[in-house]
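Below: one structure, written as C-alpha cells.
The values are calculated or read from the model by the stated rules, or taken from the named source; none is laboratory data. All of these numbers come straight from a predicted model, not from anything done at the bench. Note that we place each Cβ from the backbone using ideal geometry, even for glycine, and neighbour counts take in every protein chain shown.
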Number of protein chains: 2
Amino acid sequence: MVQRLPSRVSIVEVGPRDGLQNEPTAIPTDQKLSFVRGLIAAGLTDIEVTSFVHPKIVPQLADAADLVARLPQSANVTFSALVPNAQGLERALQSGIRRIAVFTAASETFTQKNINMTIAESLSAFRALIRRAVECGLSVRGYVSTAFVCPYEGDVDKRRVREVTQHLIEMGVDQVAISDTIGAAAPTDVVDTIGYLLETLSPKMLALHFHDTYGTALANVYAGLQLGIETFDSSAGGLGGCPFAPGAAGNVATEDLVYMLDRMGIETGVTLSKVLAAAGIIASVLGRPLRSMQWTHAHPAHT
Amino acid sequence: MVQRLPSRVSIVEVGPRDGLQNEPTAIPTDQKLSFVRGLIAAGLTDIEVTSFVHPKIVPQLADAADLVARLPQSANVTFSALVPNAQGLERALQSGIRRIAVFTAASETFTQKNINMTIAESLSAFRALIRRAVECGLSVRGYVSTAFVCPYEGDVDKRRVREVTQHLIEMGVDQVAISDTIGAAAPTDVVDTIGYLLETLSPKMLALHFHDTYGTALANVYAGLQLGIETFDSSAGGLGGCPFAPGAAGNVATEDLVYMLDRMGIETGVTLSKVLAAAGIIASVLGRPLRSMQWTHAHPAHT
C-alpha cells in the first residue's frame, strides 16, 4: 500500500511565545535567549519568539522588545512575534522583527472572550494593521483559533473557518495556522475541516497548530500530512497551556512531532536530541517536568 | 472528503494482565477484582485478566487461578488469560477460563530473550497446546510481539510478521494481536506492515496492540482504522511497562483510545468516565499518577 505524504515538513516552533505566555512564571530574558539559541542549534528555522501584547495583559512577555533586540543574527532563521493591535505593531516595527502574526478565531464567543471583539471587528482591525506591516516590509502570518472545537460553543462550523481564513489571506497574510486551541480534535475533524478548506485553498497557505490535551495531536498531524499539509506548529517540551488548568494543555511537543516524522522518513532538518536539550533549559527554570512523551522517556525519574 | 472507517470498534482491555504484570507492586486479588468489575461497568466486554505464567517468573500474577475463580459471571463479557506453555494450559483449564492467548514474536533475538526459544520452536510448542485448548472447548488468541521494531534487531521484516501470523491462524488462533511491543512504530509502519498482512488476511483476524512510548499510538490506531482494522488492545490508565525503565512504556490508555473513537463517531460501547473510575482503583493502590492524557487532564494536581 502506497500513500503520498510530503517528503519534507516545515516546523514552526512556537514554544517561546505560545508556550511561555501561559507559564505562571515569567522566564528571565537571558534564559529565553538561551532557549532560542538551543532551538536554532536543533535546526529550527521558524521561531515565534514573543508577542507584542500589552505587558500588563501578558507580563510573561513584557520583555518582547528587549528579547527581539538581543536575538542572535542568523540568515537561515526567521523570527516572528504575535501582534494583537496597532499599538503592538508599532512596538514590533521599532523592535526590528521581520515577521509578525495576527490572530482571530472561528468562534464568536471565544473571540469575544479572548480579544473582546466580534470576528468581523477583529478582521476589520487587522486590515489596516496588515497593510501597514506589509508596507513596512514585514511578512504576516495569521492564526484561526478554535477552528475545530470552541470551549464555549462546541463544534465549530467549517464554513466559518474557511471564511475567516480567506479573509486573512485576502488581507495579505501568507500563511494561516488552523488551530485546535483546546486540543479536542480527532483526525476525522481534520479530514472534514481541512479537506473543506483545501477545496479552495492551496495546502502551502495552511499550517496546522495542535494542542495535545487528549493525546490526539500526532494522529491529527498524520491526518494533515495525508491531506498534503507541509507546515506544523509545535512547542519544544510541549510547553503551553497551564498544567493546573484543565482545558488548556500545551502545544504538541516539537520532539514528539520530530520523532514521528523522523520515523516516517519525512525530513524536518531538526535534531530530536537537541530539541530536548533546548527544552531542558526551560525545564530547569520552571522546575517541573515537561509534558512530552520524549521528555518523559528521557527523564523517567521525573514521572 | 469522505473516508470509510469502521463504524464500530472492539476494544480488548489488557490492563489487568499486560498492565499489572509490569508493575513493581503486586496488586491484591481483591483490588484486581474491583478493577475488573470497574472495567465491566465501563462497558468493556473483552478483558485479558491474567497470565498462567510460572508464579516465580511473574509473581504479580501468581494469583491467576484464584482471580479467575472469583471473576464475576457475565454473559456479555469474555475473559481471557495468557498461557505460555503446556503447564500453564493445564492451570488455565483447571481455572475454568474459556479463552486463552499465546504469544510469540517476529524477531528472533527478542523471542530468544523473552521466552528462550527460537520462533520456530515457540510455534511448534504452541501447535499441541492450541490443539488441546481447542479440544477442551477454549478459544485462542495469539500475539505477535515486536511486529514493527525489535529493541535488539531494529526494524522487523514484515514478511516475518506475516509468516508467524499465518502459522498462528493455521494452528487455530482466531485473532492475532500485531504488537508494537516497545511503542516505536509510526503510522507509515502500520500502513506498510498491516497493509502487507491484509493482502492475504482478513482484517477481522487481526487486532492492533500499541504501546505509547513516544506518543504515536493514537496516530497508529488511526492508520489501522483506515486499513479497516476493527479491534484494538488498550489498557485502562495506560498501565504497563515500567515507568522507571526507559523503553517499556505502557499500553495505549483505554480512555485515550475511547476519547478519540468517541470524537470520531466510532462506537465502542465503552464509557470514558467509567474507564477512568476503574483506573482510579489501581492508581490508589500504586500510589502514583497514571500515564494517560485523560488521567493527566482529570487530575491536574498530580502532574
Can you find even one residue in the range B:163-172 that is within 13 Å of another protein chain (Cβ to nearest Cβ) and in contact with a strand residue (DSSP E or B) (Cβ under 7 Å, 6 or more places away or on another chain)?
no
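Every residue, every condition in (1) modelled with pLDDT of 95 or more; (2) of a type in the set (Asp, Glu); (3) under 18 Å from the mean Cα position of the chain (by Cα), yes or no:
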position: A:Met1; (1), (2), (3): no, no, no
position: A:Ser10; (1), (2), (3): yes, no, yes
position: A:Ala41; (1), (2), (3): yes, no, no
position: A:Val58; (1), (2), (3): no, no, yes
position: A:Asp66; (1), (2), (3): yes, yes, no
position: A:Phe79; (1), (2), (3): yes, no, yes
position: A:Arg98; (1), (2), (3): yes, no, yes
Every residue from the range B:141-199 that is among the small types (Gly, Ala, Ser) and within 25 Å of A:Arg4 (Cβ to Cβ):
B:Ala147, B:Ala184, B:Ala185, B:Ala186, B:Gly195
I'm told A:Leu225 meets every condition in (1) buried (at least 24 other Cβ atoms within 10 Å of the Cβ); (2) in contact with a helix residue (DSSP H, G or I) (Cβ under 7 Å, 6 or more places away or on another chain) except one. Can you identify the failing condition by its number?
(2)
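Please go through the range B:160-184 and give me each residue that is in a strand (DSSP E or B) and in contact with a helix residue (DSSP H, G or I) (Cβ under 9 Å, 6 or more places away or on another chain), ordered by number.
Just the residues of the range B:160-184 that are in a strand (DSSP E or B), to begin with: B:175-180.
Correct list: B:Gln175, B:Val176, B:Ile178, B:Asp180.
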Any residue at all in the range A:276-295 that is within 13 Å of another protein chain (Cβ to nearest Cβ) and at pLDDT 95 or above?
yes
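Go through the range A:134-145 and report how many residues are within 13 Å of the chain's Cα centre (by Cα) and among the hydroxyl-bearing types (Ser, Thr, Tyr).
Filtering the range A:134-145 down to residues within 13 Å of the chain's Cα centre (by Cα) leaves A:141-145.
Filter again for among the hydroxyl-bearing types (Ser, Thr, Tyr), leaving A:143, A:145.
Result for the range A:134-145: 2.
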Need the failing condition index for B:Ala186 against (1) more than 7 Å from every other protein chain (Cβ to nearest Cβ); (2) in contact with a Lys or Arg (Cβ under 7 Å, 6 or more places away or on another chain), just the number.
(1)
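For the range A:3-46, what are the residues that are part of a loop (DSSP other than H, G, I, E, B), away from every other protein chain (no Cβ under 14 Å) and surrounded by fewer than 24 Cβ atoms within 10 Å (Cβ to Cβ)? Show your work before the answer.
Of the range A:3-46, the ones part of a loop (DSSP other than H, G, I, E, B) are A:3-7, A:9, A:14, A:23-28, A:42-45.
From what's left, away from every other protein chain (no Cβ under 14 Å): A:14, A:25-28, A:42-45.
Listed by number, the residues that qualify are A:Thr25, A:Ala26, A:Ile27, A:Pro28, A:Gly43, A:Thr45.
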Unmet requirement for A:Ala217, which otherwise passes all of (1) more than 11 Å from chain B (Cβ to nearest Cβ); (2) buried (at least 24 other Cβ atoms within 10 Å of the Cβ)
(1)
Check B:Leu206, B:Leu225 and return the single one that is free of Cβ contacts under 8 Å to residues at least 60 places away in the same chain and touching a strand residue (DSSP E or B) at 6+ places or on another chain (Cβ under 9 Å).
B:Leu206
Flag for B:Val58 being free of Cβ contacts under 8 Å to residues at least 40 places away in the same chain and either buried (at least 20 other Cβ atoms within 10 Å of the Cβ) or closer than 30 Å to B:Met260 by Cβ (or both):
yes
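Criterion first (surrounded by fewer than 24 Cβ atoms within 10 Å (Cβ to Cβ) and touching a strand residue (DSSP E or B) at 6+ places or on another chain (Cβ under 7 Å)) does A:Ile178 satisfy it?
Values: surrounded by fewer than 24 Cβ atoms within 10 Å (Cβ to Cβ): no; touching a strand residue (DSSP E or B) at 6+ places or on another chain (Cβ under 7 Å): yes.
For A:Ile178, the condition - surrounded by fewer than 24 Cβ atoms within 10 Å (Cβ to Cβ) and touching a strand residue (DSSP E or B) at 6+ places or on another chain (Cβ under 7 Å) - is not met.
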Counting just the residues of the range A:194-214 that are modelled with pLDDT of 95 or more and facing chain B (nearest Cβ under 10 Å), which one comes out nearest to A:Ile282 (Cα to Cα)?
A:Ile194
